[in-house]
Amino acid sequence: MKLADLAKELNISTESFIKFITDFDLELSECINTNFDVKDDFVKFARENVAFLRKYEKDLEVDKSVEDIAENINQPTEKVAEIIKQEKPRLFDNGIYKSSVSSFGIDNKLGGNYQFVYDYFGRKTSLKERDFIGYRDLFFYISQELEPFINNVPLSDWGLHKPAGIILYGPPGSGKIFWANKIAEITGYLFKEIKKHYLGTSFVDGNKTTFNDFLVMMMKEEKVLLFMEDFDTIMGIRTEEKSIDSCDEETKEIVMHYIGHFEEEELLMVGSANSVVDIDREVLAPGRFDVLIPIFPPNFQERCEMILFHMTENLVENSLLMRILVNNHADHLPFWKKVAEKMKTFSNTMIIDFTQSLKKRIRNLYLNDHSENIVIDDHLLDSALRDASAKLTEEYLTQVDQFIIDVTIHNYDDFPQRIEELKRELQIYKVVEAPRKSIGFTHNEESTKK
């Protein structure tokens, strides 16, 4: 059953279900999969607690002040204000919070008794069985942007159009190609990457072919998602200070020529960009690449889960490394919190580098004395952390800084907590003393010593 079908059956909006899952911090894999098929436990909960869910939705729709919420849930005003401050909801000029603030969600965070909710979701889905780790907010945001693809509703009823082009933007190594594949999975489109040699003119089996030929051929196929890397370079605007490669300029002109036909030909193009600041404004015009999706570096909790996932990935229960991890209690999330806290602004790639380095170091220790009594101590963790920090360069940190500017302009209301958290993490690398440059960064270890 699709979430939209369950929502229709119970006369509760899909948006309310999504906010409920977020407010009560339910594990996404226990509720829904990436195709928006609802899990059996969630269907059972929704049907048996429909009265509560309707009360939740009614409360969600009401504009309310801090005092209103505090009175409704019988909690101190100061504590309610602190929770709301963390969530950064939209506010009217008169101090009343716009709808989408849930009194029940705030009460739950302040210790209200909602055990009846969690009774339906007692079995935690293991990391290896999840579709992905964390990023629940980003998944729901992407799903809302892809609404015309997900629900079989005649678009003419609402005047909606399927996106022709999407831009995934964020610092290098944060998983843009992963999310492009997820978009293909959600929409049911076939994922195809535009290789570098497809651009310009090339020869295949002795026959001359161009990017124009390739794009026309893709438009003839059914439901294709085309993924283009370096989108900000290829679709950049020529200025006096910056020239554009002639091949890139030709590619841009070809895409702009055909993009008006993408929807009817069931072709979706997804571009990957480090930043949107240099992309030609014409490319971002309505009906073109007007859907911008920010791809963030993982937050603290996601870093913990990613480390554990990549440390235990493909390990059988009785493998050597698994036994060593169990001996150190490193097969559970709490073990990794200390080192994850040090990985501020780390990309997904850096986290994978850390786990690979740590695995190699543990293996080398084992090969020295063939003993499983290996202690995964701070020295071992910090050594692997230094290896992973090699990519934490000034250039990368500057790209994170630009990403924060981009996402604040284009998507602040959608991800206020993530943006503020990333700002705080980046701040520790900024030079505190009188700067010699307009902006500067120090290395992770240097900033720690200060």
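The values are calculated or read from the model by the stated rules, or taken from the named source; none is laboratory data. None of the values given here were measured: they were computed from a predicted structure. In this analysis, Cβ positions are derived from the backbone assuming ideal geometry, glycine residues included, and neighbour counts consider all displayed protein chains.
Observations
Here's the yes/no breakdown for (1) surrounded by 15 or more Cβ atoms within 10 Å (Cβ to Cβ); (2) modelled with pLDDT of 90 or more:
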| site | (1), (2) |
| --- | --- |
| Arg136 | yes, no |
| Leu155 | no, no |
| His161 | no, no |
| Leu168 | yes, yes |
| Trp179 | yes, yes |
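Condition check ((1) free of Cβ contacts under 8 Å to residues at least 24 places away in the same chain; (2) touching a His at 6+ places or on another chain (Cβ under 8 Å); (3) surrounded by 20 or more Cβ atoms within 10 Å (Cβ to Cβ); (4) among the basic types (Lys, Arg)) across all residues:
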residue: Leu320; (1), (2), (3), (4): no, no, no, no
residue: Pro334; (1), (2), (3), (4): yes, no, no, no
residue: Lys337; (1), (2), (3), (4): no, no, no, yes
residue: Asn348; (1), (2), (3), (4): no, no, yes, no
residue: Asp353; (1), (2), (3), (4): no, no, yes, no
residue: Asn364; (1), (2), (3), (4): yes, no, no, no
residue: Asn373; (1), (2), (3), (4): no, no, no, no
residue: Asp387; (1), (2), (3), (4): no, no, no, no
residue: Glu394; (1), (2), (3), (4): no, no, no, no
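- In this structure, Leu127 does satisfy being modelled with pLDDT under 85, out of contact with any His (no Cβ under 8 Å at 6 or more places or on another chain), farther than 29 Å from Gly260 by Cβ and among the hydrophobic types (A, V, I, L, M, F, W, C).
- Sole residue being farther than 21 Å from Val339 by Cα, of a type in the set (Phe, Trp, Tyr), in contact with a Pro (Cβ under 6 Å, 6 or more places away or on another chain) and outside the structural domain of Asn274 (by TED's automatic domain parsing), chosen from Phe403, Phe415: Phe403
Let's see how each residue does on (1) at negative phi; (2) in a helix (DSSP H, G or I); (3) touching a residue at least 40 places away in the same chain (Cβ under 8 Å); (4) more than 20 Å from the chain's Cα centre (by Cα):
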| position | (1), (2), (3), (4) |
| --- | --- |
| Pro298 | yes, no, yes, no |
| His310 | yes, yes, yes, no |
| Asn314 | no, no, no, yes |
| Val326 | yes, yes, no, yes |
| Ala330 | yes, no, yes, yes |
| Asn368 | yes, yes, no, yes |
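- Exclusive hit being of a type outside the set (Phe, Trp, Tyr), assigned to a helix (DSSP H, G or I), over 14 Å from Leu308 (Cα atoms) and under 26 Å from the mean Cα position of the chain (by Cα), set Thr355, Thr349, Thr345: Thr349
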